[in-house]
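Below: the structure, in structure tokens.
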Amino acid sequence: MSYIVDFIIVLLFVALTGVFILRLRYNLLALWKEVSVKDVIFHKLLLETTILFHESKPDLISPENKKFLRRLSKYKRKKLRYIMLTERQNLFLILNKIYNELEELEDERLSGAILKFEELQKARRIYNSKVLIYNQRISLFPSRFLAMKMGLHIKEYFG
């Protein structure tokens, strides 16, 4: 009789462990998917903002912006998601400097560019917060081993 009780306990333990692992796997995949979607959205907005700022070039020309606008034309046709992080961050800094000058100009023709950059900033903050949650989750003890088995790696922040 005690063998049957021991067998049932072991079987119950194995079943609970299996359910725990399946649930953890599902949660990790859901987080990975969420971060990946935010990554695509952010980089799409980064490209759209770059193109919009480049198209607004005639309204933005000033001595300070001239060199920044020249550098923008380099990125308007690239897939920004696949260039180096430091290059993407430099592009964002260029857009930020141009945006700061746009706010000072207060020109209605440039309101679309201002709104697009604000949308980009919001997407960047959301992306970084999702990456933080994801990185913390896959760095914790039980999920770290499963994440390594699944091939999930730590994502990089945009900054």
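Of all residues in the range 102-117, those that are free of Cβ contacts under 8 Å to residues at least 40 places away in the same chain have Cβ atoms under 8 Å from Cβ atoms of residues that are surrounded by 15 or more Cβ atoms within 10 Å (Cβ to Cβ) and among the aromatic types (Phe, Trp, Tyr), 6 or more apart or on another chain, in ILE114/TYR99. Listed by first and then second residue, the pairs linking a residue in the range 134-159 that is free of Cβ contacts under 8 Å to residues at least 40 places away in the same chain and within 18 Å of VAL37 (Cβ to Cβ) to a residue that is of a type outside the set (Gly, Ala, Ser) and not in a helix (DSSP H, G or I), with Cβ atoms under 7 Å apart and 6 or more places separating them unless they lie on different chains, are ASN135/ILE154; ASN135/LYS155. When GLN89 is tested against (1) touching a residue at least 40 places away in the same chain (Cβ under 8 Å); (2) in contact with a helix residue (DSSP H, G or I) (Cβ under 6 Å, 6 or more places away or on another chain), just one condition goes unmet, and that condition is (2). From the set of residues in the range 103-154 that are of a type in the set (Val, Ile, Thr) and assigned to a helix (DSSP H, G or I), which is nearest to GLY18 (Cα to Cα)? Ranking the qualifying residues of the range 103-154, first place goes to ILE138.
Kindly indicate whether LEU47 is in contact with a Leu (Cβ under 6 Å, 6 or more places away or on another chain), modelled with pLDDT of 75 or more and either assigned to a helix (DSSP H, G or I) or more than 23 Å from GLU106 (Cα to Cα) (or both). Break it down into steps so the answer makes sense when it comes.
Values: in contact with a Leu (Cβ under 6 Å, 6 or more places away or on another chain): yes; modelled with pLDDT of 75 or more: yes; either assigned to a helix (DSSP H, G or I) or more than 23 Å from GLU106 (Cα to Cα) (or both): yes.
Yes.
Considering only residues that are within 30 Å of GLU101 (Cβ to Cβ) and either in contact with a Phe, Trp or Tyr (Cβ under 8 Å, 6 or more places away or on another chain) or loosely packed, with under 12 Cβ neighbours inside 10 Å (or both), which ones fall in the range 127-155?
Initially, the range 127-155 is screened for residues within 30 Å of GLU101 (Cβ to Cβ), giving 127-129, 131.
Listed by number, the residues that qualify are TYR127, ASN128, VAL131.
Only residues that are buried (at least 18 other Cβ atoms within 10 Å of the Cβ) and over 16 Å from GLU48 (Cβ atoms) were counted in the range 80-101, giving 0.
In the range 50-85, how many are modelled with pLDDT of 75 or more, under 16 Å from TYR99 (Cα atoms) and outside any helix (DSSP H, G or I)? The qualifying residues number 1. Out of GLU118, GLU106, one residue alone is among the acidic types (Asp, Glu) and exposed (fewer than 11 other Cβ atoms within 10 Å of the Cβ). It is GLU106.
Based on what the data block shows, is ILE94 farther than 18 Å from TYR75 by Cβ, modelled with pLDDT under 90 and over 13 Å from the mean Cα position of the chain (by Cα)?
Details: farther than 18 Å from TYR75 by Cβ: no; modelled with pLDDT under 90: yes; over 13 Å from the mean Cα position of the chain (by Cα): yes.
Judged against the criteria, ILE94 is not a match.
The values are calculated or read from the model by the stated rules, or taken from the named source; none is laboratory data. In this text, all values refer to a predicted model and were calculated from it rather than measured experimentally. Please note: Cβ atoms are built from the backbone with ideal geometry, for glycine as well, and neighbour counts cover all protein chains shown.
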